[in-house]
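Notes follow the structure.
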Amino acid sequence: MRLLKRAIISVVLLDNFLTNLLKKLFFPSHWKLAGQCRQCGVCCQEILLKMTERQISSKFFTNLAIRWISWLFDFVLLRVDYEYNYLVFTCQHRCNEGRCGNYFWRPSICRNYPLVDYFEEPKLLPGCGFYAVKRAG
Ligand code: SF4
Ligand code: SF4
């Protein structure tokens, strides 16, 4: 089971790497990140995964998504936010002092944080060691 999980994660990570590379090469964002991670662990306390209105209104799909994400990433569901359509998880790999206990195999959602959008200034959690800088030009 562990091997299967890692094989699936490897495919997802490769896809994530190539997508990010293409974005950087051909569609660079107006924003970039500076600073560095302070390993405070705040971004691992609550992990928000966006659902569409249609997805979250289906009990079957929502349960399937929760089971799949929980199994694949070792996340634990905290709640379903029906107001803003999010699945809110925490993670079994959170360690003391904010360190990740699964750093090598951490999922793409963790690798992509803080998320840099194309136009909008990245939204950072209070106390995060990163900050957003607007690109020149
Ligand atoms: S909130 Fe920022 S500084 Fe803290 S662990 Fe996450 S990325 Fe690192
Ligand atoms: S896998 Fe690591 S980085 Fe990702 S949420 Fe869990 S503890 Fe945080």
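Readers should treat all values here as calculations from the given coordinates under stated rules, not as data from a laboratory. Just so it is clear, the structure is predicted and the values come from calculations on it, not from any experiment. Virtual Cβ from ideal backbone geometry, glycine too; neighbours counted across all protein chains shown.
Numbers at a glance
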item	result
Residues (in contact (Cβ under 8 Å) with a residue 24 or more places away in the chain and within 11 Å of the chain's Cα centre (by Cα)) located in the stretch 73-124	F73, F89, P107, S108, I109, C110, R111, N112, Y113, P114
Positions within the stretch 1-55 being surrounded by 13 or more Cβ atoms within 10 Å (Cβ to Cβ) and among the aromatic types (F, W, Y), in sequence order	W31
Residue, nearest to ligand 1 (Cβ to nearest atom), within the stretch 46-105, restricted to residues that are in contact with a Lys or Arg (Cβ under 8 Å, 6 or more places away or on another chain) and on the phi > 0 side of the Ramachandran plot	G98
Subset tally (residues that are on the phi < 0 side of the Ramachandran plot and within 16 Å of ligand 1 (Cβ to nearest atom)) for the stretch 4-45	12
Any hit, the stretch 92-112, residues being within 15 Å of A34 (Cα to Cα) and not hydrophobic (A, V, I, L, M, F, W, C)	yes
